[in-house]
Amino acid sequence: MDALLGQQEIVVKAFDATADTLHLFSGATILADGRPALILDAGSLLGAASVA
């Protein structure tokens, strides 16, 4: 990461633990403008990158 573009307070809704297809995401939120946003699970992302 080179720079921080902004900061927001959000409420994260966790995904169901059985959702195998979403293992790189820890949850989702609705942004202030109404757009949905997926929250990446940094640990899973790094683990997937080291396997590849």
- [ ] Sort out which residues of region 33-50 are open to solvent by 60 Å² or more (accessible area, probe 1.4 Å), at pLDDT below 90 and not hydrophobic (A, V, I, L, M, F, W, C), and write them in order of number.
- [x] Ser50
- [ ] Residue by residue through region 15-32, note down the ones that are open to solvent by less than 100 Å² (accessible area, probe 1.4 Å) and either modelled with pLDDT of 75 or more or aromatic (Phe, Trp, Tyr) (or both).
- [x] Phe15, Leu24, Phe25, Ser26, Gly27, Ala28, Thr29, Leu31
Task: Close pairs (7 angstrom Cβ cut-off, 6 or more residues apart or separate chains): under 20 Å from Phe25 (Cβ atoms) in region 1-14, polar (S, T, N, Q) and open to solvent by less than 80 Å² (accessible area, probe 1.4 Å) anywhere - done: Ile10/Thr29; Val11/Thr29; Val12/Thr29; Lys13/Thr29; Ala14/Ser26
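The values are calculated or read from the model by the stated rules, or taken from the named source; none is laboratory data. Please read these numbers as outputs of a predicted model, since none were measured by experiment. We place every Cβ from the backbone using ideal geometry, glycine too, and count neighbours over all the protein chains shown. When the accessible area is computed, the model is the full protein with side chains, heavy atoms only, and any ligands, DNA or RNA have been set aside. Shrake-Rupley method; radii C 1.70, N 1.55, O 1.52, S 1.80 Å.
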